[in-house]
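What follows is a set of notes on a single structure, which appears directly below.
The values are calculated or read from the model by the stated rules, or taken from the named source; none is laboratory data. For clarity, every value in this text was computed on a predicted model and none was experimentally measured. Side chains included, ligands, DNA and RNA excluded: accessible areas come from the protein's heavy atoms. Shrake-Rupley method; radii C 1.70, N 1.55, O 1.52, S 1.80 Å.
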Amino acid sequence: MTSISFSPKRLTSEYKNGIYLILAFVLMFLIHFVPVPKPFYMGSELVQLTGEAKDTLAVFAFAIFSWMTGAVPFVITAFITLLLIPAFGVSTFSDTVAASFGDPLILFFIGVMMVSAAFRSSGLSTRLSRLILGMVGKNPSRIILVFLIFGAFSAMWFTEVAAAALFTPLAVGILDKCGIKAMKSNFGKSLLIACAWGPLVGGMGTPVGSGSNVLAISLLNKYANLNIGFLDWMAIGVPAVIVLVPIAWLIITRAYPSELDEINIDDVAGEAEKGLNKKEIATMVIFSGMIVLWLAAPSIKTATGGRINLTMQIVAILGGILLFIPGLNIFSWKDVEKSVDWGGIILITSGLALGKIAFDTGAARWLAWVIAYGLRVEVLPPVILAMFAVLVVGIIHLCFSSNTVTGAVTVPLMIAMGSALHVSPWFLAVPAAYSACMAFILVTETPTSVIPYSAGYFSLKDMALIGIPMTIIVSVVAGAVFFGMAHIVGM
């Protein structure tokens, strides 16, 4: 007879999560059953919350509380919200599905993740990272800077999670070859934090960088009438990345100066000397073609009188399709099923649905008025508003373990606040969109930080101590860069 044993620790965890899930539903029904607040005036405008808007806030409260506590996996919370929206009569089930899974940006995210998986599967990502190391030299501080730079650059094209997954094993390999033990070295601590911070900074550089980016683009298009193209995003995102990478390097290396004068990386770098194989060449050609089309799409549209409009989504999914051309055999569909973050896609669909009902019912506008009235942000100049938006997103991000969730919560709120204050969405919603992937304080804010943290070379406290000043600096720098570049490019 097989005996069944239960781990007390597991039972305690499941009991706690069960309580959290019950509390999430209790919170939702409390908001549903409380009376509708009385309308109030903001200047000459009457601000009121309808019953549908209140139910929208109830669904939001459930989702936020469940995401914060981890009562159930993020994806399950996302599915529950997709059912709660029609259950409360806020929208029909068909409209909810159409607003979530029916958004073209879902194909963009799938295509990008397929190409990212091909980089890893073909071995091209490992080759490139080792080639980079061969060009660095042996100075510890310089190695950390290079990890930040190339981590940021990789995140701009593969998503920040993929970039962290790419550079973390390489960093651990270097530390192992140097005989550096976990939690015993400032260099080890700095290098692994750089594996998280580089991709986090780089994630804001292009629409590809984070799931929150593609979500924000869709929300800004639908509810602020802002059509942000690939180059439009890069015009602000790339300068911010260029400014923030050296700042991150200075903070990391000053806080945790290396105890080593020189690092021996000859063995690691030497492995990149082998010739490219067929899979690597094919992957590089397809990826390069995608970048060219993303950048050239506006010119192609103009030259053809609008007949050929290569949107970000079309180019991304086309790149994914080309990976399966007969004869190339870059990888199989089974590899795709294992490599693509399908849970991240579900999170994006949930964010799109929540954003839609927040605007359609007026819930986002009402909440924005309440916040604006309490913080008196209407008296702030535009550049300070941009910094305010970045800082608010950074603080809110502490509550969530996903950039996409943070974007789903903050971007609709900032769009509505801009509308309520009669301020261009550029000064609130767009900075919020750019900064939704910046999670520097808590490791638990994003899987991008969890991956390097799991290597064991730095503690939660190590990252939090330097993450707090980094977040404050980012709010000032990113807000200022955004404001300046928005005026320079005429946006």
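Please report the orientation-averaged projected area of the stretch 49-139, defined via the convex hull of its C-alpha atoms, in nm². Working shown, then result.
On the way: hull surface 41.3 nm².
If I average the Cα hull's projected area over directions, I get 10.3 nm².
For the set Lys222/Lys356; Lys301/Lys356; Lys138/Lys177; Lys177/Lys461, the pairs lying more than 19 angstrom apart at their alpha carbons are Lys301/Lys356; Lys177/Lys461. Remark: accessible surface ordering of Ile22, Ile348 (largest first) is Ile22, Ile348, probe radius 1.4 Å.
Heavy-atom accessible area per residue, the chain, 1.4 Å probe: how many Å²? Let's see the in-between values first.
Working: 20820 Å² over 491 residues.
Each residue of the chain exposes 42 Å² on average to a 1.4 Å probe.
The order of Arg307, Arg254, Arg142 by accessible area, most exposed first and with a 1.4 Å probe, is Arg307, Arg254, Arg142.
What is the projected area of the convex hull of the Cα atoms of the chain, averaged over all directions, in nm²? Could the numbers behind the result be given before it?
Details: hull surface 110.8 nm².
Dividing the Cα hull surface by four gives the mean projection, 27.7 nm².
In the stretch 163-306, the ratio of gyration radius to Kirkwood radius, Rg to Rh, stands at 1.07 when only Cα atoms are counted.
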